[in-house]
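Working notes, beginning with the structure itself.
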Amino acid sequence: MEVTITNENFESLKNGNLPLVVDFWATWCGPCRMIAPIVAELAGQYDGKIVVGKCDVEESDDIAMEFGIRNIPTILFFKDGKVVDKHVGAVTKAKLQEKFEALL
């Protein structure tokens, strides 16, 4: 299950008990739409082990600025409240799944 990341819930999700994966995207971004089904599928696969969130850079630009998000899609991987990995641009399911596994 994917959650919508907002300025209100980000800190509690980032510092929660489970690792957090945040997909930074925008409605007008073609590559974002390409990887969205992959991210959604992995969110379902890792439900209960990893929290997966979508952060619209236009609605939550504070979070995007905090992490220096300049290009989208950008996916950040958090563990214990800290960024432990990052991927910028389109990505294959296999590569993304490797990064999910590394969080566990």
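The values are calculated or read from the model by the stated rules, or taken from the named source; none is laboratory data. The structure displayed is predicted, hence computed values, not measured ones. Cβ placement follows ideal geometry from the backbone for every residue including glycine, while neighbour counts extend to all protein chains displayed. For accessibility, only protein heavy atoms count, side chains too; no ligands or nucleic acids. Shrake-Rupley method; radii C 1.70, N 1.55, O 1.52, S 1.80 Å.
Take the residues in region 56-98 that are over 18 Å from Thr27 (Cβ atoms) and of a type in the set (Val, Ile, Thr); name whichever of them is surrounded by the fewest Cβ atoms within 10 Å (Cβ to Cβ). My answer is Thr92.
Within region 75-90, residues that are modelled with pLDDT under 95 sit with their Cβ atoms under 7 Å from residues that are open to solvent by 70 Å² or more (accessible area, probe 1.4 Å), at 6+ positions apart or across chains, in these pairs: Ala90/Met34. For the residues Gly30, Gly48, the requirement of being at pLDDT 95 or above and within 17 Å of Met1 (Cα to Cα) singles out Gly48.
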